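Colleague: I am attaching a structure below and will ask some questions about it afterwards.
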Amino acid sequence: MRWLLLTMLFGCGAATKYTYSPSGGGAANPKPDQCTYEVLTTPPGKPFDELGVLDVNPGRGQIPESIPAFRSMATAGVCKAGGDAVIVFANGFGQYMKGTVIRYKPEAPAPAATP
């Protein structure tokens, strides 16, 4: 009985939560819940707009210690923000606590060839 009470109070598998803060760098249309996006550890080599920042609030959940773990925690937030990618940052313990959601800028059309 005591074990059941503790399980109910503290949970068995409490999920890690995050906070999304728009950065004012632009807004994007939300994408489907399980959208495809890139997870980067450095800024990309092509132009982008910063949409916002995901901060991990682990609570009683696990702190992401790998890119796949961060991806599974952050997918809904990145997709809802309309992101094409998220640039993740690890702290000194190798834990991914923050990610910057970005949207790639459209590529400029190639100049027309002159005859």
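Colleague: Tell me which aspartates and glutamates have Cα within less than 17 Å of residue 46's Cα, excluding those fewer than 8 residues away on the same chain?
Modeller: By straight Cα distance, residue 46 reaches 38, 84, 107.
Colleague: Excluding residues fewer than 8 places away in the same chain, name every one of the aspartates and glutamates whose C-alpha is closer than 19 Å to that of residue 17.
Modeller: Qualifying aspartates and glutamates at Cα under 19 Å: 33, 55, 65.
Colleague: Between residue 66 and residue 41, what length comes free when the chain is fully extended (0.36 nm per residue of separation minus the Cα-Cα distance, one decimal in nm)?
Modeller: Full extension of this stretch gives 7.9 nm more.
Colleague: Just order 72-85, 39-52, 94-107 by mean Cβ neighbour count inside 10 Å, highest at the front, would you?
Modeller: Going from most to least packed, we get 72-85, 94-107, 39-52.
Colleague: At a Förster radius of 35 Å, what calculated FRET efficiency corresponds to the Cβ-Cβ distance of residue 108 and residue 33, to the nearest 0.05?
Modeller: Efficiency, rounded to the nearest 0.05: 0.65.
FYI, it's all coordinate maths here, none of it is from the lab. Model, not experiment: these values are computed from the prediction. We place every Cβ from the backbone using ideal geometry, glycine too, and count neighbours over all the protein chains shown.
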